[in-house]
1. Those residues that are free of Cβ contacts under 8 Å to residues at least 12 places away in the same chain and either buried (at least 24 other Cβ atoms within 10 Å of the Cβ) or outside any helix (DSSP H, G or I) (or both), I need them from the range 246-267; list them, please.
2. Search the range 197-232 for residues being among the β-branched types (Val, Ile, Thr) and either part of a loop (DSSP other than H, G, I, E, B) or open to solvent by less than 20 Å² (accessible area, probe 1.4 Å) (or both), and hand back the single one that is farthest from Leu106 (Cα to Cα).
3. Residue check: is Thr133 buried (at least 21 other Cβ atoms within 10 Å of the Cβ), in contact (Cβ under 8 Å) with a residue 24 or more places away in the chain and hydroxyl-bearing (Ser, Thr, Tyr)?
4. All but one of (1) of a type in the set (Ser, Thr, Tyr); (2) in contact with a helix residue (DSSP H, G or I) (Cβ under 7 Å, 6 or more places away or on another chain); (3) within 26 Å of Asp250 (Cβ to Cβ); (4) open to solvent by 10 Å² or more (accessible area, probe 1.4 Å) hold for Thr127; state the number of the condition that does not hold.
5. Of the residues Ile292, Ile273, which single one is open to solvent by less than 10 Å² (accessible area, probe 1.4 Å), over 15 Å from Ser245 (Cβ atoms) and not in a loop (DSSP other than H, G, I, E, B)?
6. Could you grab me the full set of residues in the range 233-245 that are part of a strand (DSSP E or B), open to solvent by less than 10 Å² (accessible area, probe 1.4 Å) and farther than 17 Å from Asp259 by Cβ?
7. For residues that are at pLDDT below 75, open to solvent by less than 60 Å² (accessible area, probe 1.4 Å) and over 19 Å from Ala109 (Cα atoms), tally how many sit in the range 355-398.
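The values are calculated or read from the model by the stated rules, or taken from the named source; none is laboratory data. As the structure is a computational prediction, the values presented were derived from the model and not from experiment. Using ideal geometry, Cβ is built from the backbone for each residue, glycine included, and neighbour counts are taken over all protein chains shown. The protein model used for the area step is the full one, side chains on, heavy atoms only, and it has no ligands, DNA or RNA in it. Shrake-Rupley method; radii C 1.70, N 1.55, O 1.52, S 1.80 Å.
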Amino acid sequence: MMTAAREHHTVPLSVLLKRELANERVEKPEILYGQACQSKKGEDFTLLKTECQRIVGDGVTTYSVFGLFDGHNGSAAAIYTKENLLNNVIAAMPSDLNRDEWVAALPRALVAGFVKTDKEFQQRARTSGTTVTFAVIEGLVITVASVGDSRCILESAEGDLYYLSEDHRLECNEEERERITASGGEVGRLNTGGGAEIGPLRCWPGGLCLSRSIGDVDVGEYIVPVPYVKQIKLSTGGGRLIISSDGVWDALSEEVALDCCRGMPVEAAAAQIVKEAVQVKGLRDDTTCIVIDIVPPEKPAAPLPPPKKLGRGVFKSMFRKKSPEYSSQIDKEYLEPDVVEELFEEGSAMLSERLDTKYPICKMFKLFKCAVCQVEIKPDEGFSIHVGSSDYGKLHPWDGPFLCSSCQEKKEAMEGKKTTRR
């Protein structure tokens, strides 16, 4: 059993200073990126933005955004999402958050931004759709939101592989198949007549192979825009991100994609991955790749040790320099492990679960603003996000966040339910 004295150990000042110095050195790693594409249909689009500015107190901080939009049935949805998604995500974030709060609130804002973008595009009555893989890098924290079958992977400096997205192909996702049929959709293969079925599993009507996307108004509301979101914090060694459309992943495994470009600069790496994919299966689809290196600044040279000073008696004993073994033991005991940390992961398609406020950012959603589209709503016109959920009976009518009437209708349609007034 741990003793009381052990529980109340204080961290040595030298260790605290080391932590602060380490954090300062890696607070803003260098972001290097490159992209490559071989086009078949012209429906893949990318967003590459570094040095996006955000005001924090009296200063300004920056973050980077990388997006891949693989359109289908035309390019309209991919283009619209590329041009509007980031603004919709940022609009869902309060303006008075510090850095840690901003990072913690980002997964919920991504959900709101995806749903708002989908809602606005569908109002244009265009029939195209798009997958989205959207990565936000703030310091060493990477947050990835995805719908569809483009993928994002990370190789850490330690050589470990991390999957930061989730495939929403009906063929390989049983949970999504069950969700769609429960919401009123049908899942099956293309029937060529006489009972013969060919090809991958699809949603009907529409025949889409995916269960989540932005757009696709002609397929049905059970094809939802609610993204899978994963957030990790890199070790101080950094790492390499690869974001690619299915034209790459249908041909290459994640390990092959990483191995074929290891040691190459980012532009050459992206081109090599695309080249390898096309060599394996030919140019059957738009084949796009983004490679991003997160490179921490070089560690400064170790300072020279201070000159030795003479001392006598008790003073010599009191201020004697501790042995390297002693210092190493203290460091190991108190310094935080320098490994990749998984901070957040959620893939539910239910907005009541994704926009809930059970997390530290209590001021994430404003009481009289729609949590999705940010329009002002009157106190008697909002719908609690929890309407229809299993916990609704335990909640108060004023428990938010709230949706406007049109976003509530969209939520109910995505869940295969009738709209119910709060």
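1. Passing the criteria: Ser253, Arg262, Gly263, Met264.
2. That would be Val219.
3. Yes.
4. Of (1) of a type in the set (Ser, Thr, Tyr); (2) in contact with a helix residue (DSSP H, G or I) (Cβ under 7 Å, 6 or more places away or on another chain); (3) within 26 Å of Asp250 (Cβ to Cβ); (4) open to solvent by 10 Å² or more (accessible area, probe 1.4 Å), only one is false for Thr127: (2).
5. Just a single option satisfies the conditions, and that option is Ile292.
6. Within the range 233-245, Ile243 is the sole residue that qualifies.
7. 3
Each row is one residue, and each column tells you yes or no for (1) open to solvent by less than 10 Å² (accessible area, probe 1.4 Å); (2) out of contact with any Gly (no Cβ under 9 Å at 6 or more places or on another chain); (3) part of a helix (DSSP H, G or I); (4) modelled with pLDDT of 95 or more.
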{"position": "Leu47", "(1), (2), (3), (4)": "no, no, no, yes"}
{"position": "Gln53", "(1), (2), (3), (4)": "no, yes, no, no"}
{"position": "Gly67", "(1), (2), (3), (4)": "yes, yes, no, yes"}
{"position": "Ala77", "(1), (2), (3), (4)": "yes, no, yes, yes"}
{"position": "Glu83", "(1), (2), (3), (4)": "no, yes, yes, yes"}
